[in-house]
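Student: Dumping the structure here so I can ask a few things about it.
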Amino acid sequence: MKGINLCILCNKGSKLKKGFTWIILVLVSIGGRAAELRWDGEANDGLWQNPTNWSSNTLPVNDDDVVFDNSSITGSYVVMLGPGNGLISIRSLRITPSGVNTITFTIPVSNVEAPALRCSGAIYGLVLDPGGVLINESGASAGVTIEVADSIRINNGGRYIHRTARSHAETVRSLSRAPGTEEGEFEFNIPVASSTISLSGQVFGRLRLSPGPNGLINYTGTGTNGLTIRSDLEIMPGVNLSLNLEGILIIRRNLIHNGGVLNLASTARKLSVELGGHFQQSTSAITTESGTAQPEIILVGNSLQELAIQGNITNEVGVKIKNPGGVVLKSSLSLPYKLSLENGIVTTNEYQITLQSACLLEVPVLNSTAFVNGKIEKKGLANASFFFPVGKNGTRRWLQIHEATGDFVVEYIRSDPRAICLNFGDGISHVSSLEYWSITNSGSTANALVELSFDNVNSGGITDLGNLRVAWLNANTWQDAGNSATTGSAGSSGSVSSRMQNWPNNQTVLYSLASNTASQNPLPLLWKSFSAIKAGESVRLEWIAESLTSTYFQVEKSYNGSSFSYLDIVRSKDGSGSYNYTDRSNSTDRLGRSLTWFYRVVMVNHDSTRASSKIIKVERGQGFFTTSGTGQLATSIFLSATILKIDFHDLREEQYVISIIDVAGRILFRDRLKVKDGKLSLPVNLAIVKQMNLFIHLQADNGNSFTLKAMVQ
């Protein structure tokens, strides 16, 4: 019996029967554990079988717990089972280096015992702490080379390297799934040309696939169950991995594909890859399928995921975005089969997404946060329609083309198109100050349709679909591309289409929403309501802003609905979208006569972006100038294509600067003259604006100004 101590003491001073005195002391210790044995490496040969290398100078036996640490040896070191055969049986083995040290335990190729190491202890028979490495390169001809009765715990930073052709399925099934083992690495580094590895239904921490000594290997994983990798899957150069699995391959962190070919479906079994981290693929790597299934890579993270796919994705491999945190490209992405934008924004930055000729696009109708923030290309259109789910700032702002042929690259830009060009062609009063789209086509397309989306909140206010236009930038002018059809409704969302008679070949063309009248479709912006009420000699402005994130509102006023001047600033209030401002300046002229004025409010945000309300005007009487409540005519105007005559009933003699301005704010005529006897007459050349409304503005030297409205006869 192990652990029994017997001690007999004789005391001659005490008497028992027959004159003998005995004291018998029995010390019994039953069931005690043997000592914990540590490696001290005194023999300096690194061999397990040398007793001198152990702290007790005795070899470990069946019930011993073995520890490799830095209690006796500072720095990194290697321990190796000796060559030949002979089972090493212990209770447990723990490799636990200190700091940045590495301690490696190796079963070498010269060891041919199966099993070579048996750990019989309950719970964790083998523990690899950070820096602890076990390399199994057993040279046994058959069988299991490491037996662990319960579990193998590879803590984060520990590594188990399987470098033998012998069985490994039981070893993999023994891997602990406890917290703290997610990044414990299991590496296949099998020294053969090809090997079937145990993947079906297995759970790894971190899985690395490495080639054998020749630098090349084909790994195969087959079965009717999926696979779970709790952190990274890393495929090293020289590795081809062919999967014949049914179900879901879960990779909770990164897919690092620096190898050769990753075949996700070699038969009819369909595999879905749920990726929670980044996808990194080297330039020489290929992700593909060769069976009849259509595997899918699904990005399911909750924070921003990176796609650095520099190699190729081929055949019927689909990619699905299902991450509310979004995806960002670190290289251009070309897809052959299908892109599904279920949830989340794909940001391309300086790169772009290319959908090859046969590539399908799936986009949910209702989820406006599923789109591409950047460039997306569709190749191989042949008299076809295609929906481009582009957008910015968290909202989809799609564009669609119809009856189009060629390769098209589309991008949505959330910026003021008037910063590019301020020239407007016939039929365009103003363009959006918020947004525009760019389209580049590889080949000329006659009669194709361009359809631009609008959203009342994000497009700045659509008030009239009939006046809505598509504008395109041509010859440094925003030109009217027309309005061949609309969808949706004003004040909500929808689209406007335009048929392009001439689509330039291999040129980038810019498109924007526009209006053919100044009083409709402000386009600049984000408002729930805006009204102006005339109250006596004042005008009260009231508005409710859609956004509560502005820094301040700038109130502006115009005499013609086009050229606005600054009035005042109204600071934003946290938690409130309702505001008002009363204009008491210049509501009447010096004779007390009411004027017609146009108002708008500009929202200035924290990032210095600006958003304007719609333009509204205060209702007036019968004449442009009216005595309060009387409606009497204050001025008589005659304006033909060649002569202007004005009779000011009560205007004093004074020098004025006169300007004639169209509804788009363009100055058609300007001169300095004097009003004499209340009358003004001068020759003008306005033949090009016949039958158009114009504004006549007079500015006196003392600062007083007057505005009149007339039509060229």
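Read-outs: derived from the displayed coordinates by stated rules, not from any lab. What you see is a predicted model, and the numbers here were worked out from it, not measured in a lab. Glycine gets a Cβ as well: all are built from the backbone with ideal geometry, and neighbour counts include every protein chain shown.
Student: What ranking do 373-382, 419-428 get when scored by the average of other Cβ atoms within 10 Å per residue, highest first? It would help to have the intermediate numbers written out before the result.
Tutor: Working: 373-382: 19.5, 419-428: 14.3.
Packing order, densest peptide first, comes out as 373-382, 419-428.
Student: Another question, if that's okay. In the range 194-320, how does Rg compare with the Kirkwood Rh, expressed as the Rg/Rh ratio over alpha carbon atoms?
Tutor: Values: Rg = 13.1 Å, Rh = 14.2 Å.
The Rg/Rh ratio comes out at 0.92.
Student: Moving on to the next point. For the range 308-369, take N as its residue count and report Rg(C-alpha) divided by 2.2 N^0.38 Å.
Tutor: Details: Rg = 11.5 Å, N = 62, 2.2 N^0.38 = 10.6 Å.
In units of the globular-protein estimate, the range 308-369 measures up at 1.09.
Student: Here's a follow-up. Looking at this model, which pairs from LYS392/LYS617; LYS270/LYS322; LYS270/LYS330; LYS320/LYS375; LYS645/LYS674 are more than 21 angstrom apart at the alpha-carbon? Please report the intermediate quantities before stating the final value.
Tutor: Numbers: LYS392/LYS617 32 Å; LYS270/LYS322 19 Å; LYS270/LYS330 28 Å; LYS320/LYS375 18 Å; LYS645/LYS674 13 Å.
Exceeds cut-off: LYS392/LYS617; LYS270/LYS330.
Student: Return the FRET efficiency for the residue pair SER442, VAL604: r is the Cβ-Cβ distance, R0 is 51 Å, and the value is rounded to the nearest 0.05. Provide the component values of the computation, followed by the final result.
Tutor: Numbers: r = 41 Å, r/R0 = 0.80.
The computed FRET efficiency comes out at 0.80.
Student: On to the next question. Taking the Cα centroid of the range 309-332 and of the range 235-272, what is the distance between the two, rounded to the nearest whole Å?
Tutor: Rounded to whole Å, the Cα centres lie 15 Å apart.
Student: By average Cβ neighbour count within 10 Å, what is the ranking of 476-484, 339-347, 362-370 from highest down? Provide the component values of the computation, followed by the final result.
Tutor: Numbers: 476-484: 18.3, 339-347: 20.7, 362-370: 13.8.
The packing order, highest mean first, is 339-347, 476-484, 362-370.
Student: Quick one: P(r) of the range 374-523 from all Cα-Cα pairs, 5 Å bins, percents rounded to integers, in order of increasing distance.
Tutor: In order of increasing distance, the bins hold 2, 11, 21, 25, 22, 14, 5, 1, 0 percent.
Student: What FRET efficiency, computed as 1/(1 + (r/R0)^6) with R0 = 25 Å and r the Cβ-Cβ distance, is obtained for LEU59 and ALA122, rounded to the nearest 0.05?
Tutor: Working: r = 23 Å, r/R0 = 0.91.
So the FRET efficiency works out to roughly 0.65.
Student: Each residue of the range 398-404 in turn: what ³J(HN,Hα) in whole Hz from Karplus with 6.51, -1.76, 1.60 and θ = phi - 60°, glycine and Pro shown as x?
Tutor: Values per residue, Gly and Pro as x: 6, 9, 10, 10, 9, 6, 10 Hz.
Student: Place a point 7 Å from the Cα of VAL112 along the Cα-to-Cβ direction; which residues of the range 125-167 have their backbone N under 12 Å from it?
Tutor: Backbone N within reach: 139-142.
Student: Through the Karplus equation 6.51 cos²θ - 1.76 cosθ + 1.60, θ set to phi - 60°, convert the phi angles of the range 69-75 into ³J(HN,Hα) values in whole Hz; use x for Gly and Pro.
Tutor: Along the range 69-75, the couplings run 8, 10, 5, 10, 10, 8, x Hz.
Student: Follow-up. Could you compute the FRET efficiency for ASP150 and ARG414, with r as their C-beta to C-beta distance and R0 at 56 Å, rounded to 0.05?
Tutor: Efficiency at R0 = 56 Å is approximately 0.45.
Student: Right, here's the next one. In nanometres, what is the gap between the two model label sites at ASN85 and ARG177, each 7 Å from Cα along Cα-to-Cβ?
Tutor: Inter-label distance under the simple model: 3.7 nm.
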